[in-house]
Amino acid sequence: MSRRAGLALAAVAAAMIAYCAVHLRVGTDITRFLPVGSSSELAVLSSRLADSPLTRTIVLSIGADDLSTAVAAARELSVALRAHPEVAWVRSDVDETAIENIYQLYFPHRLAFLSDAPERELPQRLTEAALRQRAREVRQRLTSPASSLLERLVSADPLGAFERLVAGLKAGQPALRLVDGQLTTPDGRYAIVLLGTHSSAFDSGAQGRLLGDLRACFDDIAVRRGHGLDLELSAVGAFAVDAERSIKADVYLIALCSSVGVALLFVAFVASLRGLLIVMIAPLSGILVATTLGLLVFGQLDGLTMAFGTSLMGIAIDYSNHLLIHHGLARHRTSPGRLAARLRPSLTLGALTTVASFVGLGLTPFPAFRQMAFFATTGVLAGLAASLWLLPSLLAYAPALPERSAHTAARLDRAFLRLQALPRGLLFSPLVLAALAAAAIPAVQWSDDLSKLSHFDPKLVAEDQRVRERVVRLDGSRFVIALASDPEAALAKNDAVHARLEQAVAAGALEGTRSLHALLWSADLQRRNLAVLSGIPDLYARVDAAFAAEGFRPGAFRSFGETLAAPPPPPLRLAELQSSPLAALLAPFIFEFEDSVAVVTYLRGFRDPEPVRAALAGLEGVHLLDQRSFVDDIYREFRQTSLRQVLFGGGLVLALLVLRYRAWRPVAAAFAPSVLVALFVLAVLAWLGEPANLLHVMSLVMVTGMGVDYGIFCVDSIGRREEFGATLLSLLLSCLTTAFVFGTLAFSDQPSLRAIGVTTGVGVVLSYLLAPLAVAALGLGSRGEDRRV
């Protein structure tokens, strides 16, 4: 390579490093693990619910030795948070403006919101006895200190329609009370502040900065005010930050331990820092190129992709290891360029088969796994390119290998000769084990519980639970969804859902709901209320007489009579509410798609799904969505699809081998190790009773890719006896490097990374042992064989 070309490549690498340093963002967005392009609107809605105003809400609970101190601290903290650029809104008291907005919007429509079942309820509520009972209640309440609002409304609303509407709005909100104008828990022990964020709860960077600033601000307040001030919070973003912290820690640990492990291995086999640096060029180039392209294509990389990508050096280093060991053991017999040219077919085929094994992941509808497939493919190909075009010019600077490496290669070659001398039946014994393994595979227990793939700080989980129990007990993972072709039809279905769920609440199947029904009814239900009222003759006279009989001045409700006599206003529509100052209240409930609308009802005190499903039976387009079970079902489908795609990837690998060798024995020798390892790993999981999950499947994808590499290198070098020992030594170094890298993953706090580490670490060691065994069993390289495959 010329000096100019080297400088150009160094400049490109520096530019990529700078770009990654500025733009690298590690995401933990669960929505990336949901399918896209799916025809299921529930899958799309599930994704949007995972990043909704509900998940962007943070609940702060402030305790102290006395409530007054907590209230004062909450007020001070609220003022500071309102100025934070990440905070969209803060609620710590009753918004008088919101009350006025509710009045302005709803009061003209109050009579349309009298009853959920107007034909049945209103005739009973408008009898003389019921009206006089209402009059007595109003008279009693007018004597209470909190009667100012009622005095303002009663002359125009003696039936209490607006009061009922406001009560419904309050029922859907957290059960908090006011103390000195500050929201507190019902038991009066904690001050409560609610806030919403501009960024997604899964934007760990933005959430981390906000939570850090929030705690720093509170700590300052606590130092100044004292009295045992304590802050606890409930925030989905806190879990995203914790997950990123854990994953980053694992990434750094993997990078450190992998580097140390690789260094120690090279001290043993290469005894040269220069050799280590030369070999590391290929895997580091692969990681750098994959990270840069991944950021350009996806904008950010998922945390799992980063952990997976850091481990990629265990694959990409195979190619540079192969070149270095062969060159070190034959440096006086051939030039680096000629050596690279001779090994190019093997290295290229190995890379292509590895890429082929990742094709299945790239074809899935899951963005996170497509990203991982993209990262792996670009990383492996970039590592191959660096091995073939950069390393030959650098190998001239690599020192000679120590004598122990040559001795180790010779011993490995002699061990292979002894292996060839064994009875052929003994060599085929792994096939018997494979048959037993295949018989055990149906007993594999598959776990599709996505929650078991993540681990969060138990203290964080306990704190979140405490705060939620103090404020609101909505089940954040179970919803009722009403789907329809337009907003009005969706509202009509939601009216029916509300009625059915109220029956479930009355039966004890639920504690309560939070529904759009508290804000808006369908136009049909509003018209039905007005129709029933208009069908009652002399309604105003009857109301006036009933209230007069209970001591009210006759004619005091003239404005109510004028309202009845005037043409009724048109029904309140969704568009009108969306364009009002109350539009933000709609955000958790209404989701619009290109050709449909979904209305969401949140459940509280959900115990058993069956009574709720029974209550909703017969309502077309209405679904009880258990978010956790729904996502688990998606992943079950993905896992099943992935297993099929492992077979598809295996078919592509087999096709590449057939095109390359055009003879059954070398094809079988190259392909067998990966197949046997996959069978053995699944069988071991079955025998141990260890549940397998989708990460085990992904690990098998990697194992099959690396296993085929080992088989190819053995098959291609068996025709040159002087090189076969070097191949076994290079594969041993690659195997130990990969096992060390993925073995580090096995110590991760994250179960997902542990599954990858254990499966891949064990699998690659088995691949190394089985590759020469397959060559010997099939008679390649034995006497009478053409050794040049």
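Does the range 764-783 contain at least one residue that is free of Cβ contacts under 8 Å to residues at least 40 places away in the same chain, over 23 Å from residue 353 (Cα atoms) and surrounded by fewer than 23 Cβ atoms within 10 Å (Cβ to Cβ)? Within the range 764-783, one or more residues are free of Cβ contacts under 8 Å to residues at least 40 places away in the same chain, over 23 Å from residue 353 (Cα atoms) and surrounded by fewer than 23 Cβ atoms within 10 Å (Cβ to Cβ).
Looking at the range 118-133, is at least one residue in contact with a Pro (Cβ under 8 Å, 6 or more places away or on another chain) and within 23 Å of residue 151 (Cα to Cα)? No: the range 118-133 contains no residue that is in contact with a Pro (Cβ under 8 Å, 6 or more places away or on another chain) and within 23 Å of residue 151 (Cα to Cα). Among the residues making up the range 658-667, those that are open to solvent by 30 Å² or more (accessible area, probe 1.4 Å) and in contact (Cβ under 8 Å) with a residue 24 or more places away in the chain are 660, 663, 665.
Among helices (runs of 4 or more DSSP H) entirely within the range 76-187, having at least 2 residues that are touching a helix residue (DSSP H, G or I) at 6+ places or on another chain (Cβ under 8 Å), modelled with pLDDT under 90 and open to solvent by less than 80 Å² (accessible area, probe 1.4 Å) singles out 96-106, 128-142, 148-153, 161-171. Considering every residue within the range 639-657, establish whether at least one is charged (D, E, K, R), touching a helix residue (DSSP H, G or I) at 6+ places or on another chain (Cβ under 7 Å), closer than 24 Å to residue 317 by Cβ and touching a residue at least 60 places away in the same chain (Cβ under 8 Å). No, because not a single residue in the range 639-657 is charged (D, E, K, R), touching a helix residue (DSSP H, G or I) at 6+ places or on another chain (Cβ under 7 Å), closer than 24 Å to residue 317 by Cβ and touching a residue at least 60 places away in the same chain (Cβ under 8 Å).
Filter the range 602-615 down to residues that are open to solvent by 10 Å² or more (accessible area, probe 1.4 Å), part of a helix (DSSP H, G or I), within 29 Å of residue 57 (Cα to Cα) and not charged (D, E, K, R), then give me how many there are. Number of matching residues: 1. Just one residue in the set 655, 672, 683 is open to solvent by less than 20 Å² (accessible area, probe 1.4 Å) and either among the hydrophobic types (A, V, I, L, M, F, W, C) or assigned to a helix (DSSP H, G or I) (or both); that residue is 683.
Yes/no matrix, rows are residues, columns are (1) open to solvent by 10 Å² or more (accessible area, probe 1.4 Å); (2) modelled with pLDDT of 85 or more:
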| site | (1), (2) |
| --- | --- |
| 326 | no, yes |
| 333 | yes, no |
| 342 | yes, yes |
| 360 | no, no |
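Every test in (1) closer than 17 Å to residue 90 by Cβ; (2) open to solvent by 40 Å² or more (accessible area, probe 1.4 Å); (3) touching a residue at least 60 places away in the same chain (Cβ under 8 Å) is passed by residue 215 save one, and that test is (3). Scan the range 577-601 for residues that are within 14 Å of residue 169 (Cβ to Cβ) and either under 23 Å from the mean Cα position of the chain (by Cα) or surrounded by 15 or more Cβ atoms within 10 Å (Cβ to Cβ) (or both) and the total you get is 7.
Could you tell me whether any residue of the range 505-515 is in a helix (DSSP H, G or I) and farther than 27 Å from residue 141 by Cβ? Let's see the steps before the verdict.
Going residue by residue through the range 505-515, those that are in a helix (DSSP H, G or I) are 505-506.
With the extra rule that they be farther than 27 Å from residue 141 by Cβ, the set shrinks to none.
No: the range 505-515 contains no residue that is in a helix (DSSP H, G or I) and farther than 27 Å from residue 141 by Cβ.
Just wondering, is there one or more residues in the range 517-530 that are touching a Lys or Arg at 6+ places or on another chain (Cβ under 8 Å) and free of Cβ contacts under 8 Å to residues at least 60 places away in the same chain? Checked against the condition, which is being touching a Lys or Arg at 6+ places or on another chain (Cβ under 8 Å) and free of Cβ contacts under 8 Å to residues at least 60 places away in the same chain, the range 517-530 yields at least one hit.
Of everything in the range 564-576 that is part of a helix (DSSP H, G or I) and farther than 24 Å from residue 481 by Cα, the residue that is most open to solvent (accessible area, probe 1.4 Å) is 565.
In the list 251, 262, 267, which residue meets the criterion of being closer than 24 Å to residue 761 by Cα and either crowded, with 22+ Cβ neighbours inside 10 Å or modelled with pLDDT of 80 or more (or both)?
Criteria check complete, one pass: 262.
Within the range 510-521, one or more residues are under 36 Å from the mean Cα position of the chain (by Cα) and open to solvent by 40 Å² or more (accessible area, probe 1.4 Å).
For the range 524-551, the set of residues classified as open to solvent by 70 Å² or more (accessible area, probe 1.4 Å) and either in a helix (DSSP H, G or I) or at negative phi (or both) consists of 524, 527, 528, 534, 537, 542, listed by residue number. Within the range 216-258, how many residues turn out to be outside any helix (DSSP H, G or I) and either of a type in the set (Lys, Arg) or more than 22 Å from the chain's Cα centre (by Cα) (or both)? Final tally of qualifying residues: 7. Scanning the range 448-483 for residues that are open to solvent by less than 30 Å² (accessible area, probe 1.4 Å), within 21 Å of the chain's Cα centre (by Cα), more than 30 Å from residue 620 (Cα to Cα) and at pLDDT below 80 yields a count of 1. If we scan the range 734-750, do we find a residue that is under 24 Å from residue 668 (Cβ atoms) and open to solvent by 20 Å² or more (accessible area, probe 1.4 Å)? Checking the range 734-750: not a single residue is under 24 Å from residue 668 (Cβ atoms) and open to solvent by 20 Å² or more (accessible area, probe 1.4 Å).
The values are calculated or read from the model by the stated rules, or taken from the named source; none is laboratory data. What you see is a predicted model, and the numbers here were worked out from it, not measured in a lab. Backbone-built Cβ (ideal geometry, glycine too); neighbour counts: all protein chains shown. Note: areas computed on protein heavy atoms with side chains; ligands, DNA, RNA excluded. Shrake-Rupley method; radii C 1.70, N 1.55, O 1.52, S 1.80 Å.
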